[in-house]
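J.: Here it is, the structure in full.
Readers should treat all values here as calculations from the given coordinates under stated rules, not as data from a laboratory. Because the structure is predicted, anything quoted here is derived from the model rather than measured. Cβ coordinates were reconstructed from backbone atoms using ideal geometry, including for glycine residues, and neighbour counts include every protein chain displayed.
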Amino acid sequence: MEIEIRLGIQTDLLLHLLPRSGSDRSPLPPVRPPRDRFILQSSNPNPKGNFEFLKKGFIIYRMTGEQVENGRDDMLIDGLEPKQNHNVEISEAFNSNYLRTYYAKLFPYADMFKWMSYGNDGRHPGCDQSYFGRREFSFTLENEIYLRFQSFNSIAELEKAIKEKCPFKIDIGAVYSVEPAKREAYSQADGFKPVERELIFDIDISDYDDVRFCCSGANVCPKCWPLMTVAIKVIDTALRDDFGFNHILWVYSGRRGVHCWVCDGKARRLNNEQRAAIADYLHVYKGNENSQKKVSLMGPLHPLLARSYTEVLKDFFEDKFLYSQELFSDEERYEKILEMIPEESVTSELRGKWLDNKRSRDDINIARWGLVKQQLLSGKHKALGIRRCVEEIVFSFTYPRLDMGVSKHMNHLLKAPFCVHPKTGHVCIPIDPNHCEEFDPSTVPTLSTLLEELNRGGLRSEGEDELENTSLGKSIRYFRSSFLRPLLKSCKEEIESFYAAKTQQTKNSLSW
Ligand SMILES: [Zn+2]
């Protein structure tokens, strides 16, 4: 039996309808609908034990084994149904004892605390000492329990909780107006609301299933991973050049995609409408599996698109993707492309020519794409729409596909960097956007290799040095030198200038 419950408007009602154990039919305690939508799912024929409402304010649910093991990157994404995956094995590279050792010896607590404090842990009078404590963390535990609204007032509290609970997944949420753990005291008066949050992006290879023929679902290989590389290049450039953001962290999600954290102060303070506007700006791909034409380009190309096309997408499509996916190798594949060309005379002419030059010495994909371009760009077609088909096809195959819900709402959760994916054992390490084509998911350090390294190295030293000596060393050094250090420098300057402005204001108002 499968039970799916959306904790929403009908929450109280639905929960009362759930049977408890045979003798105990008393209704479950009512629960206030949370702010986010959840999917609650149970594969247990008797749902007792799958739902628990511990302590006041803790909403806990148990997920199916598959969900936990998949580490579901998109667990809380609005509107997405959990996909069924019947492969329930946990990777050999992962187990809870390994994870415990990882949290005991390697997890970079100090770096995470520094990052999440954004300079507010300093001694400057402008520092907001409550800042870190107002951040939501959420844990997905081994026994399928999911805890939201955890908050910690110090690095010691955070470290203690992680070591004790040994979460299979740690998610980071927004900074709220009050400590998430104490939100019960405030919610009546609506005093509990998100006030800051990194601008985040989630790009998942499984959203490209209609344009990759090597893999599907959560699987990735060297032929399709470059779609993620291209996405990083396009989005990173747009965020820096078009919006002026500087403090951007890209992270491997551990299995099938990448996450992006934009951490500039002005990004963290964006409201939901502004986030939506940025996400919409970046969201050219609007199709779904049922609409053949994924992209429709009207008028002159937007500068973002023109730049993405000439600097990244065109070359990637023509030099790599055409071959690696063999886009024109059989009828099913090339018909997909022909369907994007609205002019019947063009498509039938192309089919005829392809039949003629079957024996071309060139690679069939290159030859056929060459003919597509020749046909569409020839002087015969005056209509811009037809000439634009070349670009539309390239965009349809390669333009980044963002999960819009993640970016638009401040209270969305995103998996913390340096978590370990239970399915792959991979550590969610940062990716340097300047060298993203060198990133190979198959060589990402796994939990088991890290522990081997620890064992080999003996108990040389405790803490951070030990981390640097493992194969995670390169990642942590990149995180510190290219992301954290410049970020904290900006935060310090910002705190000082805000404080100076505030002091000046106070002086001015006193002098009146
Ligand atoms: Zn693949």
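J.: Ordered by residue, what ³J(HN,Hα) values in Hz, to whole numbers, does region 173-180 give under the Karplus form 6.51 cos²θ - 1.76 cosθ + 1.60, where θ = phi - 60° and Gly and Pro are x?
T.: Computed from phi, the couplings for region 173-180 are x, 7, 8, 9, 5, 9, 4, x Hz.
J.: Can you sort HIS302, HIS412 by how many other beta carbons sit within 10 Å, fewest first? Kindly include the intermediate steps, with their values, before the conclusion.
T.: Values: HIS302 12, HIS412 22.
With the fewest neighbours first, HIS302, HIS412 line up as HIS302, HIS412.
J.: Report, in listed order, any pair from LYS105/LYS223; LYS415/LYS489; LYS114/LYS160; LYS336/LYS373; LYS160/LYS233 with a Cα-Cα distance greater than 27 Å. Let's see the in-between values first.
T.: Values: LYS105/LYS223 35 Å; LYS415/LYS489 25 Å; LYS114/LYS160 16 Å; LYS336/LYS373 16 Å; LYS160/LYS233 38 Å.
Correct reply: LYS105/LYS223; LYS160/LYS233.
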